[in-house]
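Here the structure is laid out as structure tokens; the discussion comes afterwards.
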Amino acid sequence: MASRIELSTLSVQITESYELNGVNYGNTMTKSYASNGQVSQRVMNIAAYGGGGTHVWTDILALGTADGQGQVKKTDYKYFRITNLDDTTQLNLRIYNGADYLMFEVGAGSSALFMEPGVDATTASANVTFADIQQVSAQAASSTGSVDVEFVVVTA
């Protein structure tokens, strides 16, 4: 018996709402990603960085040429969001594009999302050469305690 996946559209909506001295600021942005057939969502534990010069990284997601365990096809990449579920400890997020590492801090209770696959790390005077994300890894910003994260990745 053949299986059939009905392609769907992912709709991401970001709403900012802020009032200062009786004046409202903010906006709502909506972006749609059509023709998606795969979604992975997971809650997982991210190890402490290790302390003492040791840097332990927990691999979260790989983007390669085929779908596989912990890997999605990078040509099908549409959207990735990660949320730090910890209430006190920061998450260090590392994005690798095959040549460069990009590092982000994701505060306790905060999220990072990547709505496009291209990233680069360079100096202010160098040319920017975007390449697709190949690996997403993280570590808890603690020498002893881990953090939990939730992530979702959507692909075609």
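The values are calculated or read from the model by the stated rules, or taken from the named source; none is laboratory data. Model, not experiment: these values are computed from the prediction. We place every Cβ from the backbone using ideal geometry, glycine too, and count neighbours over all the protein chains shown. Heads up: the accessible areas ignore ligands, DNA and RNA and are worked out on the full protein's heavy atoms, side chains in. Shrake-Rupley method; radii C 1.70, N 1.55, O 1.52, S 1.80 Å.
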Handout entry: Alpha carbon Rg of the range 71-138, scaled by the compact-globule rule 2.2 N^0.38 Å
Key = 1.19
Handout entry: Per-residue HN-Hα couplings for the range 44-58 [Karplus 6.51, -1.76, 1.60; θ = phi - 60°; Hz; x = Gly/Pro]
Key = 8, 9, 10, 5, 4, 5, x, x, x, x, 7, 10, 8, 10, 9
Practice task
Using only the Cα atoms of the range 1-126, build the gyration tensor, take square roots of its eigenvalues as a ≥ b ≥ c, and label the shape rounded, prolate or oblate: rounded if a/c is under 1.5, else prolate if a/b is larger than b/c, else oblate.
Solution key: oblate
Handout entry: Difference of contour (0.36 nm per residue) and Cα-Cα distance, Tyr25 to Val56
Key = 7.1 nm
Handout entry: Thr122 paired with Ser32, simple spin-label distance in nm, labels 7 Å along Cα-to-beta-carbon
Key = 3.4
Handout entry: Interchain or long-range residues, amide H under 5 Å from Leu61's placed H
Key = Val136
Fill in the blank from the handout: The FRET efficiency for Leu10 and Asn45, from their Cβ-Cβ distance with R0 = 35 Å and rounded to 0.05, is 0.85
Problem - Candidates per GluC sites (Glu not before Pro) in the range 5-73, loop by DSSP, up to 15 other Cβ within 10 Å - result: Glu6, Glu16
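What is the extension gain from Val152 to Lys73, computed as 0.36 nm multiplied by their sequence separation minus the C-alpha to C-alpha distance, in nm to one decimal?
Fully extending the segment from Val152 to Lys73 adds 27.0 nm.
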Problem - Heavy atoms of Ser146: accessible area, 1.4 Å probe, square angstrom to 10 - result: 50
Fill in the blank from the handout: A 1.4 Å probe over the protein heavy atoms gives the chain a carbon and sulfur accessible-area percentage of 47
Exercise for the section: Using the Kirkwood radius over Cα pairs, work out the Stokes-Einstein diffusion coefficient for the range 100-156 at 10 °C and 1.306 mPa s, in µm²/s as a whole number. Expected result: 114
